[in-house]
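Here's the structure we're looking at; comments come further down.
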Amino acid sequence: MTGRYYEAGFLSHDIKMVIGAEADYNQSLKKISVNVRKESLTFLLDFLFTKWGFNYLLLMQCREEGDKYRITYVLSSRKISVPVIAETFLLKSVPVFTTVGMIFRCAYGYEREIYSKFGIVFEGNPDTVSYYVKNPLTGGESDE
Amino acid sequence: MNRRYPRFYYTPSREIVNGNVQIDYEIENGRITNPFVYFGYDRVISSADIGKRKYVEAIPLVSRMSFADKHTCEELFASSVEELNSTEVPLLAKHLRVLILELSRISAFFLNVFNISSALKFSMAKSWSLSDMKRVQKLIVEIKGSEFYSPFIIPGGVRCNVLSKTMGLVEREIGLLESKLNDYDSLLFQNELFRIRTSGVGEITKREITEFGVTGPSARAGNVSFDVRRRLPYEIYNEIKLDAAAYSFSNVYDRVLCRRNEIADSIRIIRYILSNIPHETEFINREGYSSGLLKVREGTVFRRIEGVNGEFVCLMSSDGSERPVNVKFRSPVYHIAGELLSKLIGRNSIDDIDLVLASVFLIPMEVNL
């Protein structure tokens, strides 16, 4: 139990120092929550992957909140038993974001699901392309 | 990806895959290329349906999310609500929960044996596994005291207590199953024909396991020994020591063998429960159930449970009202059923499609929860 506390404490500190984001370790709910700006998200995930061994993207989810989309990433590590929940916001008027598929391969599937539900384009993911790019009438290529 | 024509379509039988699946592929020099796997609309209940309802109303729906992993879904939902409300679960309820979870694991194992023996046309193993699966399901019904799909694991504890007569029945049936496992060994798992036909087929590399986030027996067969029950124990799993067997390659043979050895573990766990079950009458925290479900405290909780196919997870957020703000379940099948399955089909012979599909134990209704 103490080991878990110290590990999670160091991780929260590391996230704060490197990314500048506030990481909150909830001991009773056994999770670390990070609210991160969308520009720093890829850097945070890459940092967690390489330094702390957060190699597993357990869940990726999107939901609407007013004029924004809230995108949630849940990461798991085999080294540290506490999961990290990273959340970021995206304006509905600009539904474009960067893919994290180059870090977590399974993210492509989640992003495809979010794209089909909310129309958010993940740049770098070939399955989520803008309507204008996809539509042959506007000069784009079709699926076939 | 550009598709070329002619394309071929293959729909595996319901005996091999437990739902609607269609595979669309090309053939080049006798090999399958560019396979695409489509899942039919088998889903009955999704996370979005749960999110729209009150906590109380969601309980029966959670039980219908998956027919193979239904108790895992119940446990996930119940433990998420309990964790948000800090509800204490009685010790008897914890034991009964683990008992039912392990029994449903055994039932799912027999379903998987049925799928694999159907793919290999081993008719005796097929009929044995089907009858054994039904026998375990009857046992579950006996414990619950109501029909199979009714909820048993509910926030605060379990729905009913178990009679000592039923416990005697469980003990007898488990003894029978244990002796039957030896027959399965000689009929199927140690059968030379089975070994030759399945080893080296449908291999998932260690790198793919990590990249695609595969968990459960498919990962453990590839020597990635992560088990939520062992690493992050919930309920009474911290009292029980689980073995971590080492396997070399996650091919069809290793996956089946891994599942078979884990069933021996499950039987051991059930025996432990039968000998250590507390002599209490309190099977539910009634206060926690009635007041807790009306208003769940504000917060976000993330739960992980070892299901039949691996790590089943649930993310739940509450704003303090009687409805959740957000609920999302994710099945371990999701990570196998995407790009990885297409890759697996693509690098195997056309004769092995059925075997590969059966060995990963696909449950299409769980893919888009």
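The values are calculated or read from the model by the stated rules, or taken from the named source; none is laboratory data. Source: prediction; values computed, not measured. Here Cβ is always computed from backbone atoms with ideal geometry, including for glycine, and neighbour counts include all displayed protein chains. Quick note on the areas: whole protein, heavy atoms, side chains included, nothing else; ligands and nucleic acids left out. Shrake-Rupley method; radii C 1.70, N 1.55, O 1.52, S 1.80 Å.
Miscellaneous remarks
- Among the listed pairs B:Lys54/B:Lys134; A:Lys31/A:Lys79; A:Lys92/B:Lys54; A:Lys51/A:Lys92; B:Lys121/B:Lys180, those whose Cα-Cα separation exceeds 24 Å are B:Lys54/B:Lys134; A:Lys92/B:Lys54; A:Lys51/A:Lys92.
- Residue order for A:Phe10, B:Phe212, B:Phe249, A:Phe47 - accessible surface, 1.4 angstrom probe, largest first: A:Phe10, B:Phe249, A:Phe47, B:Phe212
- Taking the convex hull of Cα positions in the protein assembly as shown, its mean projected area over all directions (nm²): 24.3
- Here's the list of lysines a cross-link from B:Lys206 could span, going by alpha-carbon distance under 16 Å and ignoring same-chain residues fewer than 8 apart: B:Lys343.
- Take every pair of alpha-carbon atoms less than 8 Å apart whose residues are at least six positions apart; their mean separation over the length of chain B yields a relative contact order of 27 percent.
- Net dipole in debye of the stretch B:45-366 [+1 Lys, Arg Cβ; -1 Asp, Glu Cβ; about Cα centre; nearest 20]: 260
- Gyration tensor (alpha-carbon) shape descriptor, chain B, a/c threshold 1.5: oblate
- A 1.4 Å probe run over chain B, with the rest of the protein chains in place, finds 39 Å² accessible per residue.
- Phi-based couplings in Hz for the stretch B:322-338 (Karplus 6.51, -1.76, 1.60; Gly and Pro marked x): 8, 10, x, 6, 7, 9, 9, 9, 9, 8, x, 5, 3, 6, 7, 6, x
- Using a probe of 1.4 Å on the protein chains alone, the accessible area found for B:Arg172 is around 150 Å².
- In terms of accessible area, using a 1.4 Å probe and ignoring ligands and nucleic acids, B:Tyr184, B:Tyr38 rank largest first as B:Tyr38, B:Tyr184.
- In percent, rounded to a whole number, the relative contact order of the stretch A:3-134 is 19, using alpha-carbon pairs under 8 Å and six or more apart.
- The Cα center of the stretch B:234-258 and the Cα center of the stretch B:262-310 differ in position by 21 Å.
- Computed 3J(HN,Hα) for the stretch A:96-109, one whole-Hz value per residue from the Karplus formula 6.51 cos²θ - 1.76 cosθ + 1.60 where θ = phi - 60°, is 10, 9, 9, 6, 10, x, 6, 9, 10, 4, 6, 5, 4, x, glycine and proline marked x.
- 3J(HN,Hα) along the stretch B:68-85: 8, 10, 5, 6, 5, 4, 4, 5, 4, 5, 5, 5, 5, 5, 5, 5, 5, 8 Hz, from the Karplus curve 6.51 cos²θ - 1.76 cosθ + 1.60 with θ = phi - 60°, whole Hz, x for Gly and Pro.
- Taking amide hydrogens as placed 1.01 Å from N in the peptide plane, the amide H of A:Leu59 sits under 5 Å from those of A:Val74, each at least 5 positions away in sequence or on another chain.
- Shape class of the stretch A:3-134 from the alpha-carbon gyration tensor: prolate, with a/c at 1.5 or above and a/b greater than b/c.
- Beta bridges per DSSP with both ends in the stretch A:3-134, % antiparallel, nearest 5: 75
- Over chain A: helical MRE at 222 nm, DSSP H runs n ≥ 4 each giving -39500 (n - 2.57), nearest 500: -10000 deg cm²/dmol
- Using 0.36 nm per residue and subtracting the Cα-Cα separation, the extra length available between A:Phe10 and A:Gln27 on full extension is 4.8 nm.
- Candidate residues A:Thr50, A:Thr99: accessible-area rank, largest first, probe 1.4 Å: A:Thr50, A:Thr99
- The stretch B:1-155, relative contact order in percent, only Cα pairs under 8 angstrom and at least six apart counted: 20
- Sum of -39500 (n - 2.57) over DSSP H runs of 4+, divided by residues of chain B (222 nm, nearest 500): -15000 deg cm²/dmol
- Hits among aspartates and glutamates - C-alpha to C-alpha of A:Lys38 under 12 Å, sequence gap 8 or more where chains match: A:Glu87
- Residues in the stretch A:36-55 that a label on A:Val18 would reach, taking backbone N under 11 Å of a point 7 Å out along Cα→Cβ: A:43-54
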